[in-house]
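Working notes, structure below.
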Amino acid sequence: MIAGLPSAGKSTYIAALWATEKEGNTGHELTCVKYPTDTTYLDGLRKKWQNMETVDRTTLSSPAEIQLTMLAKGKEDELSLLIPDFKGEIFQQVLTNIISDDIEKWCSQSDMILFFMRDLKPMTLQDEIPSLEGDKGVEQKQDIEMKLEDIPLVIQNIMLLKYLNRRMNRCPIAVCISAWDSVETDEADKSVEDWVRKNHPFLYQYITTHFYKPTFWGVSAQGLDYEHTSLSEEELTQRSIEGKRAYVCHNNVADYDITKPLAELLKTE
């Protein structure tokens, strides 16, 4: 199952996956072998990706879920990829204890997770709620009304992961950091896992202690920031045609086989 909060990069990844793997001749780790009866929605995502446009999030007319069947290279193992609710709002509702029948069904049908996150900012922890001095010099605690948008995105992701872990137990997970081309790394980060461990230790600890054989990936489904590139439109189009645009990173090496996070999940079965 593909999961993540709104704007986590799920739709753009699916657009890139459909654009590069639909024809089944890439020689990548996984290839699409069975499609939905109606691919109109996927084809619309692919067209926007090919035109280097922002891939829209789900509209009300979008399908509730899509299922793709992919075949592992050189094997007979098939992976059934369930793609539910591109918007992510249904996952976000979990954080406010609104659990739909759909998400319960998706969790019961799935046994591994491809989890997307992006725009993770460093957290500042505060030991105490700030206090105010009352009229008589008595220290009083502030009454703070906490809203979902006030909760750091890292914590929101941990909350969602906690729910998925509770429903799916200690299942395999591939964690994908979207827009990896815009993430600042340094030479000490030998892998995406190192980056997560160093910059988001609470998130890293939760994932590694509650899921089975987690892997960490940087995903650049668009390939680069097209508004700030010196490449011409023709060069960008050629990259798309050659399958050298979207990429994933595992050990800080760009790999144009964007099926690898899924393929690694298959190996954990």
A careful count of residues in the stretch 248-269 that are part of a helix (DSSP H, G or I) and within 14 Å of Met112 (Cα to Cα) gives 7
Please indicate, with yes or no, whether at least one residue in the stretch 245-253 is modelled with pLDDT of 80 or more, surrounded by fewer than 19 Cβ atoms within 10 Å (Cβ to Cβ), among the hydroxyl-bearing types (Ser, Thr, Tyr) and within 28 Å of Asp194 (Cα to Cα).
-> no
Unique match (being over 21 Å from Met52 (Cβ atoms) and in contact (Cβ under 8 Å) with a residue 60 or more places away in the chain) among Leu236, Leu266 | Leu266
Candidate set from the stretch 56-81 (those that are aliphatic (A, V, I, L, M) and modelled with pLDDT of 80 or more); member that is farthest from Pro172 (Cα to Cα) = Ile66
Is it the case that Asp119 is at positive phi and at pLDDT below 85?
-> yes
Quick one: Ile177 ticks every box in (1) closer than 22 Å to Leu81 by Cα; (2) of a type outside the set (S, T, N, Q); (3) at pLDDT below 95 bar one, so which box is it?
-> (3)
Only one of Arg239, Arg166, Arg197, Arg245 is in a loop (DSSP other than H, G, I, E, B) and either of a type outside the set (Lys, Arg) or on the phi < 0 side of the Ramachandran plot (or both); which?
-> Arg245
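Which residue out of Asp225, Asp189 is in contact with a Lys or Arg (Cβ under 8 Å, 6 or more places away or on another chain), modelled with pLDDT under 95 and either of a type in the set (Val, Ile, Thr) or surrounded by fewer than 20 Cβ atoms within 10 Å (Cβ to Cβ) (or both)? It would help to see each step written out before you state the result.
Values: Asp225 fails: in contact with a Lys or Arg (Cβ under 8 Å, 6 or more places away or on another chain).
Sole residue among the options that is in contact with a Lys or Arg (Cβ under 8 Å, 6 or more places away or on another chain), modelled with pLDDT under 95 and either of a type in the set (Val, Ile, Thr) or surrounded by fewer than 20 Cβ atoms within 10 Å (Cβ to Cβ) (or both): Asp189.
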Which of the residues belonging to the stretch 160-202 are over 19 Å from Lys213 (Cβ atoms) and among the polar types (S, T, N, Q)?
-> Ser178, Ser182, Thr185, Asn199
Where Tyr204 falls short, out of the listed (1) more than 20 Å from Ala19 (Cα to Cα); (2) surrounded by 16 or more Cβ atoms within 10 Å (Cβ to Cβ); (3) touching a residue at least 12 places away in the same chain (Cβ under 8 Å) = (3)
Go through (1) modelled with pLDDT of 90 or more; (2) surrounded by fewer than 15 Cβ atoms within 10 Å (Cβ to Cβ); (3) small (Gly, Ala, Ser) one by one and return the number of the condition Ser232 breaks.
-> (1)
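The values are calculated or read from the model by the stated rules, or taken from the named source; none is laboratory data. If you're wondering where the values come from, they're calculated on a predicted model, not measured in any experiment. When we count neighbours, we look across all protein chains shown, and the Cβ atoms used for this are built from the backbone with ideal geometry, even at glycine.
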